[in-house]
Amino acid sequence: MSDADKTLPVVAPEIRAMVPEVRMAGPAFTVVAEDDHLPVFSALAEAAPGDVLVIATNGHALAVLGELFATEARRRGLAGVVIDGYCRDVAGLRRVGLPVFARGTNPKSGSTVSRAPLGATVTCGGVAVTPGDMVFGDDDGVVIAPAERMAAVLGAAEAIGHAERTLLDAMASGRSLHEQTNWSDHVTALDAGRSSALEFRTDAE
C-alpha cells in the first residue's frame, strides 16, 4: 500500500508484529485502554468479524491484551489487533496465530474497572484513527487510512505486487535486478544533472 501512495499514514515503526509472518486487513474498531483492560474485553463483545481492534493506551505501560483475549478475538473472527502500548503472553499469542501488533511486552497487567467509551477517534502510533478506517498490517508495519483512500490505491498496490513477483521470478531464473530496470540510463542522467526516475521493466526481454 505504501508504495502505491507514499503519503498514506503509517503508524510508528516501534509498533511491530508480535506474531511473525502474518497479514491482516479490516476496518478499525477503536478502544482506549489506559493500564486497564476492561475496555478491550468490552470491545471483544461488540466488534464484528473482520474488524481490527485499534487500542490506544495514551502512553501507559501495562499490558492490555494477552493469550485469553487473543483467543477470544480469533474465535469471534476478528482480523487482528494493533496496540499503541503493550501486550503479554507472546508464546501464547504465537500459538493462537492472531495478528497482534504492539510496542512490546510487559508481564504486568492493570485493572478491570475502566468504562472508557468505545468507538472514539484515537491516536495510534501518531496516526489519528476513526472507527471504520481501514487497517493493513504485516511484518513491515501498519498502515491506517480512511477506506476511500485505501480503495483509491488498491489497484495500484495490486499491480506493484504483481510486478515485484515477476521481478523475483526472473531473479530466481538467474536474471539480475539491474537488467530489469533503467538503472544505467537513470544514473547517467542524474550524473549529467538531468531529471530521471528509476523504472522497473517487468516486460523486458
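The values are calculated or read from the model by the stated rules, or taken from the named source; none is laboratory data. Worth saying up front: this structure is predicted, and the values here are computed from it rather than measured. Cβ coordinates were reconstructed from backbone atoms using ideal geometry, including for glycine residues, and neighbour counts include every protein chain displayed. Ligands, DNA and RNA are excluded from the accessible area calculation, which covers all protein heavy atoms including side chains. Shrake-Rupley method; radii C 1.70, N 1.55, O 1.52, S 1.80 Å.
Which ³J(HN,Hα) values in Hz, rounded to whole numbers, follow from the phi angles of region 100-106 under the Karplus curve 6.51 cos²θ - 1.76 cosθ + 1.60, where θ = phi - 60° and Gly and Pro get x?
Residue by residue, region 100-106 yields 10, 10, 7, 6, x, 10, 8 Hz.
Testing the spin-label approximation: label points 7 Å from Cα along Cα→Cβ at Leu177 and Leu38. State their distance in nm.
Output for this residue pair reads 5.2 nm.
Could you tell me which of rounded, prolate or oblate describes region 48-102, using a ≥ b ≥ c as the square roots of the eigenvalues of the alpha-carbon gyration tensor, with rounded for a/c under 1.5 and, failing that, prolate when a/b is larger than b/c and oblate otherwise?
Numbers: a/c = 2.30, a/b = 1.30, b/c = 1.77.
Because a/c hits 1.5 or more and a/b fails to exceed b/c, region 48-102 counts as oblate.
Express in nm, to one decimal, how much length is gained between Ala61 and Phe200 on full extension, taking 0.36 nm for each residue of separation and deducting their alpha carbon distance. Numbers along the way, then the final one.
Values: separation 139, 0.36 × 139 = 50.04 nm, distance 4.41 nm.
Value of the extension gain: 45.6 nm.
Could you give the nm distance between label points at Lys108 and Ala156, where each point is 7 Å from its Cα heading toward the beta carbon?
That separation, rounded to one decimal, is 4.6 nm.
Tell me the relative contact order for the chain as a rounded percent, counting alpha carbon contacts under 8 Å between residues six or more apart. Numbers along the way, then the final one.
Numbers: 448 pairs, mean separation 53.1, N = 205.
Averaging sequence separation for qualifying contacts and normalising by length gives 26 percent for the chain.
Quick check: Cα centre of region 142-158 to Cα centre of region 3-36, how many Å?
14
How many nm is it between the label spots at Arg23 and Asp140, if each spot is 7 Å from the Cα in line with the beta carbon?
Taking the two extended label points, one gets 1.1 nm.
Quick check on region 72-205: of the DSSP beta bridges with both residues there, what percent are antiparallel, nearest 5%?
So the antiparallel bridges in region 72-205 amount to around 70 percent.
For the chain, with every protein chain kept in place, what is the accessible area per residue (1.4 Å probe, Å²)?
Details: 10670 Å² over 205 residues.
The answer is 52 Å² per residue.
Quick one: pull the percent of accessible area on the chain belonging to carbon and sulfur, 1.4 Å probe, ligands and nucleic acids left out. Could you put the intermediate results ahead of the total?
Working: 5640 of 10670 Å².
Percent of accessible area from carbon and sulfur atoms in the chain: 53.
Which residues' amide hydrogens lie under 5 Å from the amide hydrogen of Val127, considering only partners 5 or more residues apart or on another chain, with H built in the peptide plane?
Ala12
Which residue fluctuates the most in the chain, going by a Gaussian network model with Cα springs under 10 Å, if the choices are Leu177, Leu68, Leu38?
Leu177
Using modelled amide H (1.01 Å from N, peptide plane; none on Pro or chain starts), what sits under 5 Å from the amide H of Val52, excluding residues fewer than 5 places away?
For Val52, whose amide H was placed from the backbone, the distant partners under 5 Å are Ala28, Phe29, Ala79.
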